[in-house]
Amino acid sequence: MMHVGLNHFLFLAAALFSIGVIGVLTRRNALVIFMCIELMINAANLAFIAFSYYLADITGQGFVFMSMVVAASEVAVGLAIILALFRNKESVNVDDIRIMKW
Amino acid sequence: MEPAGLHNLHLIPWLGWIPLLPLLGFLFNGLGWIVLRERLSRPVVNLVAVGVVFGSFALSLNAFLCLLNLPPGDSLGFTAFSWIKAGDFTANFGLLFDRLSCVMCLVVTGVGGLIHLYSVGYMGRDPAYARYFSYLNLFTFAMLTLVMADNLALMFVGWEGVGLCSYLLIGFWYEDPEKASAGKKAFIVNRIGDFGFLIGIFTIVWLMGTVDFNRMQAWVANVDHRFLLQHQTLLGIGLATFICLALFVGAIGKSAQIPLYVWLPDAMAGPTPVSALIHAATMVTAGVYMIGRLNFLYLQSETALIVVSLVGVGTALYSATIGFTQNDIKKVLAYSTVSQLGFMFTAMGVAAFSAGIFHLVTHAFFKALLFLGAGSVIHGLSGEQDLRRMGGLRQKLPITCWTMVMAWLAICGIIPFAGFVSKDEILWRALNATSGLGKLICIIGFLAALGTAVYMTRLMVLAFFSESRMDHEKEPHAHESPWTMWVPLALLAVLSVFGGFLNWPVSLGGGAYFEHWLEPVMPAPPEAGMSILGVESTQGVEMGLMVFSVLMAALVMAVVYWIYAKRREVTDQVAEKLGPLYRASFNKYWVDEIYDALIVEPCKWISYFILFRLADAGIVDGLANGLAGLTRAAGMGLRRFQSGRVQNYAFSFVIGVLAILLYFWLR
């Protein structure tokens, strides 16, 4: 059986992050984009935890708590924005929401 | 000669009041005009404006009496404050009242006071009365600063001040664009001269490190310095010559000599008392005064003196010939002034400084009188200036007529009137001149003097002694002027008659007091033992010259009088015979047109096409507008990136992050 090391966690985190990035760039549904952002945050959290474990340093875990609190607040605000958008535009497609331009 | 610095300078604080009084008058009337406009009471304006000048005159007289009680070389002085201090260089707001300044102050305040008084009558109906008198007082202040300054820098302040007032007063009736542009012409032509004057001052500062007259004189008195002045060259000419000629360019502009005289005839657009005060008696003589003041410097350069005398005598003859044919009474007098100033410079150029200053004084008397008389005629004829529409004014304006006759005899050089003494003195000194050109200068000057007799006699006959040619509706209204106008005329007439006795020549049994009075300031010209026409005695030659010139002048006056009074048709025949010459004189040798074509138009062309269209509109505006356009174009391009699609932004962000990662990875 293969030993699971730091690099595995980091690759997993990188993969998750990349999936999140690609999702943010390619999907048109605001909710999906939002979920992809969550994915990216959690990829970072995963990297924190991994380093914390392998470096035997509790600071990383503290950061993750912090990050989760911020993510929770962000979810509250973000969902509220998406809700407000839907009420105004009858759509959560980001291609329809592009009035903030030159 | 001893430098003046060795003499005592007596500090007298009240000296400052001489220029300060007119300045206060200017402030009072000027502020009054700004605040109250036409509501400012005329008697108050009169009292202040005329009072301050006569106050200055009284103080000048008092200072003159102080000088009389002092040893010859002593002078009065007063330093108001330190004006410029830069390293070793200092220039004070300091006044110097020596014998030369004294003469000038008395002329400026005395003749000036009379002209102020005359203006009360002449300008009585002008709405901008207070403005007129405030300018006139400001002029008096500037002129007094000019003649009382103890250094060249302060003198230049006065020099510019009188130029400004001249501009303001020529264009006094600025609603008339022609008059306004005459003012501008005077100012601009003077600028050209002032450029040379400034170069001269800068050279003096560079060379001597001082602008104080006494210290300059002490500097020049040093043998080594004199050697330097004469043997060091600057731009290929001797240092002394360079400085003197640069300063002389200023004098040419201010005192209307060839080639910068063109502004003075146009300056007649101003009110007539202004022509009398500024453009005859005082301001235009500033150049002569400047050379007189710096005579110690001019004596270092024979070349410069020759140039001065040639320009002077050339101008004297040249402008006299223009005076022959002008029909505007003031234009005749203007060219006459240019001509007489030429005589003064001739005297300066042959190192007869006191003779030049004396002609300045007598000219101030009789030319102010002529201008004021002309003003009285214009006033009496409700604005008529054309000699062809005058005539027979002897009956209508008797006082004006007979006072002007005195000035006429004086300017023509009839014994014993003032002009005779001063003009013959100049011709005599020219004949005596050491430069070798003396005889030529004397002959040209003599011709110019005869020319003076011609144009003045013509003017007098056409205006006063021939039959009336006035417009019929104007004729009954012709009237003598009020007392404020004829009293100055009478006083100036007295001065024109008796002024010559101030410097009555030794050869006629006089004492040449004026010359002796100025001797501490300006050395007497060398008395050469003359021998011309086989006559050994100097006095004999001088007497002969006097008799000859008086007889010739009288003869010319008689002939011209007879022609204009009895045989006017002869003048037309002469004009026809001398066709081109007549037209040249009548059109003032087309100098204005030539300047216009050679200088003014190219200047305008360069200003418009090169400076305005190319440099200003093209390069300067082009740079500013180009930068703005570039920024705008860049913004137009860049704003395309702000698509409003949030994923585009995210994509750029990711690209950026990847680029940074790539950079660290490849490093």
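Values quoted throughout were computed directly from the atomic coordinates according to the rules given, and no laboratory measurement underlies them. Computed from a predicted structure; not experimentally measured. Note that we place each Cβ from the backbone using ideal geometry, even for glycine, and neighbour counts take in every protein chain shown.
Per the Debye formula with a single identical scatterer at each Cα and no solvent contribution, what log10 I(q)/I(0) holds for region B:17-101 at q = 0.26 Å⁻¹? For the requested q values the scattering log ratios are -1.16.
Residues in region B:128-133 carry Karplus couplings, in order, of 8, 4, 5, 4, 4, 6 Hz; the curve used is 6.51 cos²θ - 1.76 cosθ + 1.60 with θ = phi - 60°, and Gly or Pro positions show x.
Here's the picture: charge each Lys and Arg Cβ at +1 and each Asp and Glu Cβ at -1 in region B:423-504, and of B:Leu450, B:Thr484, B:Leu462 the one pushed furthest to the positive end of that dipole is B:Leu450. Both numbers refer to the Cα atoms of region B:1-148; Rg and Dmax are 17.3, 57 Å. All other residues whose Cβ lies under 14 angstrom from that of A:Ile19 are scored, Lys and Arg at +1 and Asp and Glu at -1, for a net of 0. Beta bridges per DSSP, both residues in chain B: antiparallel share near 85 percent.
Given R0 = 41 Å, the distance between the Cβ atoms of B:Ala659 and B:Phe609 translates into a calculated FRET efficiency of 0.20. Cα extents for region A:1-90 along the principal axes, largest to smallest and rounded to whole angstrom: 52, 26, 18.
Annotation: amide H-H contacts under 5 Å for B:Val350 (H modelled 1.01 Å from N, sequence separation of 5 or more, or interchain): none. How much net charge surrounds B:Val461 when only the other residues with a Cβ under 11 Å from the Cβ of B:Val461 are counted, with Lys and Arg +1 and Asp and Glu -1? Overall, the nearby charge balance is +3.
Backbone geometry of region B:363-378 corresponds, through the Karplus equation with coefficients 6.51, -1.76 and 1.60 at θ = phi - 60°, to 3J(HN,Hα) couplings of 4, 4, 5, 7, 6, 4, 4, 4, 5, 5, x, 4, x, 4, 5, 4 Hz, x marking Gly and Pro. For chain B, taking the reciprocal of the average inverse distance between every pair of different Cα atoms yields a Kirkwood hydrodynamic radius of 26.9 Å.
In this simple spin-label model, placing a label point 7 Å from the Cα along the Cα-to-Cβ direction at both B:Glu178 and B:Lys566 gives a separation of 3.7 nm.
In a DSSP loop and with at most 13 other Cβ atoms within 10 Å, the chymotrypsin sites (Phe, Trp or Tyr not before Pro) in region B:135-219 are B:Tyr174. Between A:Met100 and B:Leu623, what FRET efficiency follows from the Cβ-Cβ distance if R0 is 35 Å, with the result rounded to 0.05? The pair A:Met100/B:Leu623 has a calculated efficiency of 0.45.
I'd like the FRET efficiency for B:Asn69 and B:Ala490, computed as 1/(1 + (r/R0)^6) with the beta carbon distance as r and R0 of 45 Å, rounded to 0.05. For B:Asn69 and B:Ala490, the calculated efficiency is 0.90. Per-residue mean of foreign Cβ neighbours for A:15-26 is 2 (Cβ atoms of other chains, 10 Å radius). For chain A, the 222 nm mean residue ellipticity estimated from helices alone, with every DSSP H stretch of n ≥ 4 adding -39500 (n - 2.57) and the total spread over all residues, rounds to -27000 deg cm²/dmol.
Which whole-number percentage describes the relative contact order of region B:411-491, with Cα contacts under 8 Å and a sequence gap of 6 or more? Result for region B:411-491 is 21 percent. Database remark: amide H of B:Leu76 closer than 5 angstrom to the amide H of B:His10, B:Phe97, B:Asp98 (H placed geometrically; neighbours at sequence offset of 5 or more, or on other chains; Pro and chain starts carry no H).
Our coupling estimate for region B:491-500, obtained by passing each phi through the Karplus curve with A = 6.51, B = -1.76, C = 1.60 and θ = phi - 60°, is 4, 5, 5, 4, 5, 5, 6, 9, x, x Hz, Gly and Pro reported as x. The magnitude of the dipole of region A:6-90, with charges of +1 and -1 set on the Cβ of Lys/Arg and Asp/Glu and taken from the Cα centre, is near 320 debye. Assuming charge only on the beta carbon of Lys and Arg (+1) and of Asp and Glu (-1), the dipole of chain B about its Cα centre is about 1860 debye to the nearest 20. With bins 10 Å wide beginning at 0, the percent of Cα pairs of the protein assembly as shown falling in each bin runs 3, 12, 19, 19, 12, 5, 3, 3, 6, 7, 6, 4, 1, 0, 0.
For chain B, relative contact order (Cα pairs under 8 Å, six or more residues apart, normalised by length) works out to 12 percent. For region B:410-494, the direction-averaged projected area of the alpha-carbon convex hull comes to 7.7 nm². Counting only DSSP H runs of at least 4 residues, each contributing -39500 (n - 2.57), and dividing by the residue count of chain B, the helix-based mean residue ellipticity at 222 nm comes to -22000 deg cm²/dmol.
Counting charges near B:Gly644 (Lys, Arg +1; Asp, Glu -1) among other residues having Cβ under 12 Å from its Cβ returns a value of +3.
Measuring nothing but how far apart in sequence close Cα pairs (under 8 Å, 6+ apart) lie, relative to its length, region B:101-215 scores a relative contact order of 21 percent.
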